[in-house]
Amino acid sequence: MADNTQKMSYQAGEAKGQAQEKASNMMDRAGNAAQSAKESMQEVGEQVRAKAQGAVEGVKNATGMNK
């Protein structure tokens, strides 16, 4: 009986450890995805800013304000 209880306790501990490892891996993947999304949005923001600046320069050139 004690052997069976020990075996069940060991298996429960194994299952808990595996679940914790899976949860940790999922959190790592979620963190990586969030970081990637953040970097992508920063890149998009920079592209939008550069295009807006180009448009401003184009308007200035067209209206003679850049001289």
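Give me a count of the residues in the stretch 6-22 that are open to solvent by 80 Å² or more (accessible area, probe 1.4 Å) and among the aliphatic types (A, V, I, L, M). Result for the stretch 6-22: 1.
Against the list (1) open to solvent by less than 70 Å² (accessible area, probe 1.4 Å); (2) at pLDDT below 95, the condition ASP3 fails is (1).
Just one residue in the set ASN25, ASN66 is free of Cβ contacts under 8 Å to residues at least 40 places away in the same chain, touching an Asp or Glu at 6+ places or on another chain (Cβ under 8 Å) and surrounded by 10 or more Cβ atoms within 10 Å (Cβ to Cβ); that residue is ASN66.
The values are calculated or read from the model by the stated rules, or taken from the named source; none is laboratory data. Computed from a predicted structure; not experimentally measured. Neighbour counts are summed over all protein chains in view; Cβ atoms, including those assigned to glycine, are modelled from backbone coordinates with ideal geometry. Remember, those area values only see protein heavy atoms, side chains included, never the ligands or the DNA or RNA. Shrake-Rupley method; radii C 1.70, N 1.55, O 1.52, S 1.80 Å.
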